[in-house]
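Notes follow once the structure below has been shown.
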């Protein structure tokens, strides 16, 4: 995970010396919207999505594209699982952009860009630029602005009468669970790690209680709150429990969370955009500060997510 400095790529890991050993995630920079009648209008064949199968933020976007039936509306390409000296790289040059790395997409959009290079990336062919690289905003665009182009019938992930509740759940799930596993795994002091992992499991306990007697977090169908939680839970026992030292408990130790994860795993289309081999290879093989040998853990042997 490197970064660009005035358009020049540097292979630099996160510096936690200024944050007391705590991992601080940077915010996404490209934040335009796809809106009917706007500069970036929802049109078939206009946009190109770049994702990493390993990345949970990308995964929720890929799930949305799949479940809404947007495969022929928005083209998509994947970077390789390992994120090493050049960051995210393609197996061969991207057929739309002609580049070999994700950072080259950023410099095509902004030649003097400075900052981290993250995925997902939504590229606009018409204006030749990145529209947005914030996954939470992208899933809402796919659900909302692109709805007239959906080829599969799906209830809204962000229905108006549930938005306040969804936003409330998203707030603590993002901070304490989605990002909480990273704050635990990338901490560089004992104090920072213990604070993050304690907060993480308090939040998992909260989610377990919230699912008592119900199938989903907010509504009677999966909303974006559910999908945002799901992508972290899916990776938890295979990666975060061991690799990120989030080992107070496993998801399988939470009956409601395990059932919830399996329920969403069995939604038609989800397995088609899930690659557990890439997920494990990425985490264990890319984070040399966490796992210097790059050895990929074999388990869990009894996982239903394969």
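Quick note: the coordinates plus some simple rules give every number you see, no bench work behind them. All values reported here derive from a predicted model rather than from experimental measurement.
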Subject >> For the stretch 138-201 and the stretch 233-306, distance of Cα centres in Å >> reply: 17 Å
**OP:** Quick one: compute the contact order of the chain, relative version, from alpha carbon pairs under 8 angstrom and 6+ residues apart, as a percent.
**Re:** 21 percent
Subject >> Contour minus Cα-Cα distance for residue 247 and residue 72 (0.36 nm per residue) >> reply: 58.9 nm
Original post:
Which residue, 287, 48, 162, has the most motion in a Gaussian network model of the chain that connects Cα atoms within less than 10 Å?
Top reply: 162
**OP:** State, as an integer percentage, the relative contact order of the stretch 161-267 based on alpha-carbon contacts under 8 Å between residues 6 or more apart.
**Re:** 31 percent
Original post:
Which of 109, 28, 91 moves most in a GNM of the chain, Cα contacts under 10 Å?
Top reply: 91
Subject >> Rounded Å value of the spacing that divides the Cα centres of the stretch 70-137 and the stretch 1-62 >> reply: 9 Å
**OP:** Nearest 5 is fine: what % of DSSP beta bridges in the chain come out antiparallel, could you say?
**Re:** 80 percent
Original post:
Can you give the calculated 222 nm mean residue ellipticity of the chain, where each DSSP H run of n ≥ 4 adds -39,500 (n - 2.57) and the sum is split over every residue, rounded to the nearest 500 deg cm²/dmol?
Top reply: -10000 deg cm²/dmol
Original post:
Relative contact order, percent, of the stretch 157-205 when contacts are C-alpha pairs under 8 Å separated by at least 6 residues?
Top reply: 34 percent
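Using the Cα gyration tensor of the stretch 100-251, with a ≥ b ≥ c the square roots of its eigenvalues, what is the shape: rounded (a/c below 1.5), prolate (a/b larger than b/c) or oblate (neither)?
In terms of gyration-tensor shape, oblate.
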Subject >> Three-way shape label, the stretch 3-149, alpha-carbon gyration tensor, a/c 1.5 >> reply: prolate
Subject >> Residue with peak Gaussian network fluctuation, the chain [Cα springs, cutoff 10 Å], from 62, 203, 54 >> reply: 203
